[in-house]
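Enquirer: Sharing a structure, written as structure tokens. Questions coming.
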């Protein structure tokens, strides 16, 4: 017979599992591009969560999950001797939304993702964890084993770089359109 503590643990675990199963699986899938492997690795993450449940503070569970997911991914790469670099597909538009009313936003997002893939690996991961996975700087610092200040600096420098690149593309595009109109 289960006691009240075990029932509470199961309810809390179930709530965390339902909240983070999809984001963790997507994080792994976006790195691997292999759905079955991503699902298997995500299940490893949640088994580790269950085993370590009593040691984890609920306030830091999100960062803990991403840290474990990242470590499981690194172990997988090592085991199968994959290149640890984030591949270009990692930066594709995660939604793949094709609705015409959002076409301009999608084009803008795809252009940004294309530029993100040109960032250095650490910068790329910080930007994607923040922008796509909605992690806080403190959580990203835990996941990447960096100081929070370093994460913020890396993020803001990367965003500044991306902003300059995108502004220059807009300026170039506008001057091309102007040149076409004036001829």
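The numbers here are math on the coordinates, done by the rules we state, and not lab data. Worth saying up front: this structure is predicted, and the values here are computed from it rather than measured. We place every Cβ from the backbone using ideal geometry, glycine too, and count neighbours over all the protein chains shown.
Enquirer: Got a sec? How would 13, 76 order by Cβ neighbour count within 10 Å, fewest to most?
Expert: 13, 76
Enquirer: Provide the packing ranking of 49-55, 64-70, i.e. peptides ordered by the mean count of other C-beta atoms within 10 Å per residue, highest first.
Expert: 64-70, 49-55
Enquirer: OK, next. Among 171, 25, 60, which comes first, then next, by fewest other beta-carbon atoms within 10 Å?
Expert: By the 10 Å Cβ count, ascending, the order reads 171, 60, 25.
Enquirer: Tell me, what is the FRET efficiency for residue 122 and residue 50 to the nearest 0.05, using R0 = 45 angstrom and their Cβ-Cβ distance as r?
Expert: Rounded to the nearest 0.05, the efficiency is 0.90.
Enquirer: Hey, what did the stretch 1-84 get for relative contact order, percent, Cα under 8 Å, at least 6 apart?
Expert: Relative CO of the stretch 1-84 lands at 27 percent.
Enquirer: Obtain the nm distance between the two label points defined at residue 138 and residue 160 by a simple spin-label model: each point lies 7 Å from its Cα along the Cα-to-C-beta direction.
Expert: Roughly 2.6 nm, to one decimal.
Enquirer: Cut-off is 10 Å between beta-carbons; in what order do 39, 45, 61, 126 appear when sorted fewest neighbours first?
Expert: So the residues, fewest neighbours to most, are 39, 61, 45, 126.
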